[in-house]
Structures are given as C-alpha cells and as structure tokens.
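These notes are about the structure you will find just below.
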Amino acid sequence: MSAGHILVTGASGQLGQTLVRLWERSPIPQYQFSALPRTQLDIGKPDLAAAVLSELQPTVIVNAAAYTQVDKAETDRDAVFQVNETGTATLARWAAHSGAKLLHISTDFVFNGAKSSPYVPDDQTEPLGVYGASKLAGEKALLAASNNNAAIIRTSWLYSRYGNNFVKTMLRLMAESDALSVVEDQIGSPTSTDSLARLIFAMIQKRDYQGIYHWTDGGSISWFEFAQQIQGQALQAGILSKAIPITPITTSEYPTPAKRPAYSVLDRSRALEEFECLVLDWEQKLAEVIAELT
Ligand SMILES: NC(=O)c1ccc[n+]([C@@H]2O[C@H](COP(=O)([O-])OP(=O)(O)OC[C@H]3O[C@@H](n4cnc5c(N)ncnc54)[C@H](OP(=O)(O)O)[C@@H]3O)[C@@H](O)[C@H]2O)c1
C-alpha cells in the first residue's frame, strides 16, 4: 500500500530539479512522487492550482516554487506577492483542508542582517526588500492557514548544477575575465540544493515536523571568501585553467536595486536535532557540485 503521494511544485527550478534527481536515485519507499513545473501547476493562480491539487490528491506538498529574482522584485511587487504570498497561502489552505502536509522553503532575506550571531528560527524578522517581504508574507500566510500540518525551512545562498546561481556565475566570469571584484561585507552560509533536498526527504520520512527550521551547509563566510574557494576548487578540478586576481569590495561599491542583509548566518541546530541526514560541510558540498560541472 502507498504511504502517500509527494508533490513537488516549481519542478524546473534549482531545488525542484534536485528533488527530482534525488527521487530518481533514492526514492522514499512506498511513496508516489510527482513534480510539476509552473506550466502544469501555477501557484499564483489560486483556482487553477487548487483544481490541480484536488485532481492529484498529494499527501505531502513540497513547495519549491517561488519568485526568486531579488532585484527585479523591487519593481514587480504585485507579481512577487502573487507567487510568494498568495501562492503559498493557496497551498497551505488546500493542505489544511485536505489533511496533507506542506513543506515550504523560505529565506535568510526575512532578516535585516543586524545580528552578529547565527539567526534562530524565532528571531525577529525585518526584511530589507520586496522579495524578503513577500517571502515573510508567505510564511505568515502559511502559519495562519495551517493546522500544525506544515513546516517552513529557511535557507540561504542556494546553488547547484542547475539554473542560475553564484557558483555558476563565478565560474563563467572567472573563465571570461582577467580579474574580478567580489563583495566581502555580506556574511552568510552557502547551501547546496542537494543537502536541502536530503533534509526534505529525511523530514518526509520522519513525518513529524512543524513550524520553522533553518538549514544551510554551515560556515560563516563572505561572498569574497566563497569566490576564492570556488576558484581554488575549480582550478584543482580542471574546470578553470588559470587563476585570476579576486579583489574584495564593499557592498557600497557594488550597488544593487535590492538591499541585502549584511549578516544572515542561520542557526540550523533545530533541524540537526530533529532529523537524521548526512551532514557535510560547505567546502565538501561545493566540491560535489564542482565535480558535477566538470
Ligand atoms: N536561490 C537562493 O539563493 C535562495 C536562497 C534562500 C532561499 N531560497 C528559496 O528556495 C526556494 C527554491 O529556490 P531556487 O533557487 O530553486 O529557485 P529557482 O531556481 O528560481 O526556482 C523557482 C521555480 O519556481 C517556479 N515558479 C515561479 N513562479 C511560479 C508560479 N507562479 N507557479 C509555479 N512555479 C513558479 C520557477 O518557474 P520558471 O522556471 O518557469 O521560472 C522556477 O522553476 C525558493 O523558495 C527560494 O525563495 C532561494
């Protein structure tokens, strides 16, 4: 007998594709699995989305769909909130109504970055931009609609072999340019979508989760240090043939439309205590992705 039906939203995104790959390599026994891209399940269209859910009848929804373009979000407020707030609320209401569980992904951008020690899940939130505000609104909508059947996983600095992310951008620029400048006064923790996907599978298997968790690959580094590590590993793996100079710069020297938290290290101890999954440090997870890109 089937133990349940897992449905992943946002299947074409970095996390969505990673969840599909993990399922193909190590499926959770007794579960059915579906993963739908936006073209088949648009969470920003409440009636259509609810109809798709009612048709599929998932027992566990993993929401990997989101409007994630942080800078574009500053001038696209309605569209961002439609996905990140209304879309999340739609999933949460359907899940609460039908008795399904919901695992939702959120972000370090719900914090203002003024702390200097890792953020715990119940630390005060204060997003600095539209994207962070929309993700926080999604969290609140989820918590209001769910009847203890849902969990939020906040993560940071996601990367993978898929889609667009800092690691792939750095590798491209390092191959194309003679020198690079990278921000050194924003501190956070990189997270491979693979380790996040493994946590999600561990949570599904345990079945017992509720409220807010934090998840990263550990570390407390700047984008500059991350870039240095990427270059070092890529040279060793033979993806890059020559080292280029990388200069540390300040956020004010690299202005972006959206303000970002200066410090957003997340304390993941609650997740580590409650779920069993293999934990590798951020350098090891980076090496895995670099190896996949060779
Ligand atoms: N990337 C990061 O650094 C980071 C950091 C912290 C937290 N997060 C969170 O982690 C989660 C996964 O991020 P990611 O990096 O995998 O993002 P991603 O690669 O941008 O993927 C997001 C996916 O959501 C889809 N989507 C957008 N609007 C949708 C809608 N209305 N209905 C259904 N699908 C929709 C996109 O579809 P299209 O492919 O059609 O555009 C895309 O495939 C998100 O919740 C994000 O907020 C990300």
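The values are calculated or read from the model by the stated rules, or taken from the named source; none is laboratory data. What you are looking at is a predicted structure, and each value in this text was computed from that prediction instead of being measured. Cβ atoms come from the backbone with ideal geometry, glycine included; neighbour counts cover every protein chain shown.
Mind counting the residues in segment 160-182 that are touching a Ser or Thr at 6+ places or on another chain (Cβ under 6 Å) and surrounded by 21 or more Cβ atoms within 10 Å (Cβ to Cβ)?
Selection size over segment 160-182: 1.
Inspect segment 229-249 for any residue being touching a Ser or Thr at 6+ places or on another chain (Cβ under 9 Å), closer than 30 Å to residue 28 by Cα and either assigned to a helix (DSSP H, G or I) or not hydrophobic (A, V, I, L, M, F, W, C) (or both) and give the result as yes or no.
no
Let's see how each residue does on (1) under 13 Å from residue 246 (Cα atoms); (2) within 16 Å of the ligand (Cβ to nearest atom); (3) in contact with a Gly (Cβ under 8 Å, 6 or more places away or on another chain):
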{"position": "167", "(1), (2), (3)": "no, yes, no"}
{"position": "176", "(1), (2), (3)": "no, no, no"}
{"position": "184", "(1), (2), (3)": "yes, no, no"}
{"position": "193", "(1), (2), (3)": "no, yes, no"}
{"position": "196", "(1), (2), (3)": "no, yes, no"}
{"position": "208", "(1), (2), (3)": "no, no, no"}
{"position": "212", "(1), (2), (3)": "no, yes, no"}
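For residues that are in contact with a strand residue (DSSP E or B) (Cβ under 9 Å, 6 or more places away or on another chain) and either of a type in the set (A, V, I, L, M, F, W, C) or surrounded by 17 or more Cβ atoms within 10 Å (Cβ to Cβ) (or both), tally how many sit in segment 235-259.
3
Residue pairs, Cβ under 8 Å, 6 or more apart or interchain, first in segment 235-252 and within 11 Å of residue 290 (Cα to Cα), second β-branched (Val, Ile, Thr) and surrounded by 13 or more Cβ atoms within 10 Å (Cβ to Cβ). List them.
Listed pairs, sorted by first residue: 237/290; 239/290.
Would you be able to tell me the number of residues in segment 3-57 that are within 12 Å of the ligand (Cβ to nearest atom), among the hydroxyl-bearing types (Ser, Thr, Tyr), within 25 Å of residue 288 (Cα to Cα) and in a loop (DSSP other than H, G, I, E, B)?
Count: 1.
Among the residues of segment 168-189, is any of a type in the set (D, E, K, R), over 23 Å from residue 58 (Cβ atoms), under 17 Å from the mean Cα position of the chain (by Cα) and assigned to a loop (DSSP other than H, G, I, E, B)?
Checking segment 168-189: not a single residue is of a type in the set (D, E, K, R), over 23 Å from residue 58 (Cβ atoms), under 17 Å from the mean Cα position of the chain (by Cα) and assigned to a loop (DSSP other than H, G, I, E, B).
Answer yes if at least one residue in segment 58-68 is more than 26 Å from residue 208 (Cβ to Cβ), touching a residue at least 24 places away in the same chain (Cβ under 8 Å) and not in a helix (DSSP H, G or I), and no otherwise.
yes
Find the residue count for segment 225-273, including only residues that are among the charged types (D, E, K, R) and farther than 24 Å from residue 74 by Cβ.
The qualifying residues number 6.
Scanning segment 60-116 for residues that are more than 17 Å from the chain's Cα centre (by Cα) and of a type in the set (D, E, K, R), which turns out surrounded by the fewest Cβ atoms within 10 Å (Cβ to Cβ)?
Applying the filter and picking the extreme gives 78.
Which of the residues spanning segment 250-274 are part of a loop (DSSP other than H, G, I, E, B) and among the β-branched types (Val, Ile, Thr)?
250, 256, 265
If you take the residues in segment 275-291 that are exposed (fewer than 14 other Cβ atoms within 10 Å of the Cβ) and in contact with a helix residue (DSSP H, G or I) (Cβ under 9 Å, 6 or more places away or on another chain), which one is modelled with the highest pLDDT?
Restricting to residues being exposed (fewer than 14 other Cβ atoms within 10 Å of the Cβ) and in contact with a helix residue (DSSP H, G or I) (Cβ under 9 Å, 6 or more places away or on another chain), the top hit is 291.
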